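The values are calculated or read from the model by the stated rules, or taken from the named source; none is laboratory data. Bear in mind the structure is a predicted one, so any value in this text is a computation, not a measurement. Here the Cβ is made from the backbone with ideal geometry for all residues, glycine too, and neighbour counts use every protein chain on show.
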């Protein structure tokens, strides 16, 4: 029952003048009987009304009995139902409908997220740490720091990589696992391999630990087997297969083009082609940038050119050569 003073006064006025409908009379009686204050209020209004209109004391009316008498006079058209609705019922109805609506939205969103989770993530990002993830097909991923792997075809196992990641792929001949990275595509043939495609670097590295992968560029294709390394030079669009061969084998390709490349990259590519290795005395030298071409020169000539180009010096050590100095540091 409402506590609106104006509404109560209107009910009392209708009741005293005989204009109240049966359900309004019942509603007033319910409010009047709710507590002593309400009862006293209605009694005082009745008394004031009688005095003002010089009426004798009104006969006590039973609203329920009055409603029963009037109800027999109400006619309802065929196939229709009579419905007595209090104004307060609308508020209750709207509250119920709102609750049902909110609950329904909650169920819909819950189902959406559950179904979406079953589909699997479409983007994996490692942030500042290392992310290890197992896909629905059993393939295992290990993303190094600052790496992003994105699913580019929801119906196939095709991903785009930026950064460095290792893949232990569950082979499926009818649905090959393909990685797009830095201008090339790497297709597994049942394998464990690592792809390094750092944004801004001039080269993309593919290293196979187990099995076989095929690497495609716009103009070339190579196949890498266990313990082999492939390098794609972006500036020249060349694919190079650095296979682990005997040191006396002369078929290793030793033609390199470096354009504003990090010294770390250049050293890694050169070391993959020569038995004598180049190391850096200071890790800060990894960020030095170099632009130079090599066309099959011996390692001792290469180390001399690197040192002269960057303003560094070098030492001969048992494993090869060591670059040192600070002239090229940023």
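Tally time: how many residues in segment 147-157 are out of contact with any helix residue (DSSP H, G or I) (no Cβ under 9 Å at 6 or more places or on another chain), in a loop (DSSP other than H, G, I, E, B) and either surrounded by fewer than 18 Cβ atoms within 10 Å (Cβ to Cβ) or not assigned by TED's automatic domain parsing to the domain that holds residue 137 (or both)? Here the count works out to 2.
Listed by position, the strands (runs of 3 or more DSSP E) contained in segment 284-330 that have at least 1 residues being closer than 16 Å to residue 268 by Cα and in contact with a helix residue (DSSP H, G or I) (Cβ under 7 Å, 6 or more places away or on another chain) are 289-295, 320-324.
Residue count for segment 158-186 under the criterion of being more than 30 Å from residue 236 (Cβ to Cβ), assigned to a loop (DSSP other than H, G, I, E, B) and touching a strand residue (DSSP E or B) at 6+ places or on another chain (Cβ under 9 Å): the result is 2. Taking the criterion of being modelled with pLDDT under 90 and surrounded by 13 or more Cβ atoms within 10 Å (Cβ to Cβ), no residue of segment 310-325 qualifies. Residues of segment 260-278 include at least one that is more than 23 Å from residue 228 (Cβ to Cβ), part of a helix (DSSP H, G or I) and not assigned by TED's automatic domain parsing to the domain that holds residue 230.
The set of residues in segment 241-273 being at pLDDT below 85 and closer than 20 Å to residue 213 by Cβ consists of 241, 242, 243, 244, 245, 252, 253. Considering the conditions (1) crowded, with 16+ Cβ neighbours inside 10 Å; (2) over 20 Å from residue 325 (Cα atoms), residue 293 is excluded by exactly one of them, (1). When restricted to residues that are farther than 17 Å from residue 176 by Cβ, in a loop (DSSP other than H, G, I, E, B) and either modelled with pLDDT of 85 or more or touching a strand residue (DSSP E or B) at 6+ places or on another chain (Cβ under 8 Å) (or both), segment 193-218 contains 6.
As an exercise: evaluate residue 237 against (1) at pLDDT 85 or above; (2) touching a strand residue (DSSP E or B) at 6+ places or on another chain (Cβ under 8 Å); (3) closer than 30 Å to residue 301 by Cβ; (4) not assigned by TED's automatic domain parsing to the domain that holds residue 299 and give the number of the one condition it does not meet. Among (1) at pLDDT 85 or above; (2) touching a strand residue (DSSP E or B) at 6+ places or on another chain (Cβ under 8 Å); (3) closer than 30 Å to residue 301 by Cβ; (4) not assigned by TED's automatic domain parsing to the domain that holds residue 299, the lone unmet condition for residue 237 is (2).
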